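The values are calculated or read from the model by the stated rules, or taken from the named source; none is laboratory data. Because the structure is predicted, anything quoted here is derived from the model rather than measured. Counting neighbours? That spans all protein chains shown, and the Cβs are built from the backbone with ideal geometry, glycine included. Areas reflect the complete protein model, heavy atoms only, side chains present, ligands, DNA and RNA absent. Shrake-Rupley method; radii C 1.70, N 1.55, O 1.52, S 1.80 Å.
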Amino acid sequence: MWLLYALTLLAGIANAVQPGPNATLAKTLGQPFAAGLVVVTVSGTTLLTLGLLSGRLSLPSPEEAAQVPWWAWCGGLLGALLVLSQLFVARQIGAAPFLGLLVTAGVITSIALDHFGWVGFKEHPAGIGRIAGGVLMVLGVSLVALF
């Protein structure tokens, strides 16, 4: 389990660092959408390489693909939205407000996703502690953005 937490911490660090290089790439190229294509191409190549090296890459059969809920195919669209926000917004508002808003929106949304068991998550009630945590996140990111 500790390995999963460590991987999550590394992903959190990457989430904080990634907008800087992506926005710099967009600014330097002068083409934000081209920069976005570079980002997803490098991401796809990395996933392909790791999948092949680990021996864990296989394509689903048509039957398996047909059983996937429609909304499960939308992850790539959501990923594109995230990359576009990095390319167009992060440098303008700064790293701390950008990531603060991103994480806070994610926490608030995840509380709702858990509470209602949406998009494949198990139901986990939004008790007073979780709601208070979400409110504190909003207050904290407001302070980061204001100062």
Close pairs from the range 93-118: first within 13 Å of residue 142 (Cα to Cα), partner surrounded by fewer than 13 Cβ atoms within 10 Å (Cβ to Cβ) and of a type in the set (D, E, K, R), Cβ under 9 Å, at least 6 apart: none
Flag for residue 8 being without any contact (Cβ under 8 Å) to a residue 12 or more places away in the chain and β-branched (Val, Ile, Thr): yes
Check on residue 16, open to solvent by 70 Å² or more (accessible area, probe 1.4 Å), in contact (Cβ under 8 Å) with a residue 24 or more places away in the chain and in contact with a helix residue (DSSP H, G or I) (Cβ under 7 Å, 6 or more places away or on another chain): no
Condition met for residue 76 (in contact (Cβ under 8 Å) with a residue 24 or more places away in the chain and either touching a helix residue (DSSP H, G or I) at 6+ places or on another chain (Cβ under 8 Å) or open to solvent by 40 Å² or more (accessible area, probe 1.4 Å) (or both)): no
Single residue of 42, 135 found to be under 30 Å from residue 25 (Cα atoms), open to solvent by 50 Å² or more (accessible area, probe 1.4 Å) and not hydroxyl-bearing (Ser, Thr, Tyr): 42
Sole residue being surrounded by fewer than 16 Cβ atoms within 10 Å (Cβ to Cβ), of a type in the set (A, V, I, L, M, F, W, C), in contact with an Asp or Glu (Cβ under 8 Å, 6 or more places away or on another chain) and over 20 Å from residue 12 (Cβ atoms), chosen from 116, 121, 33, 147: 116
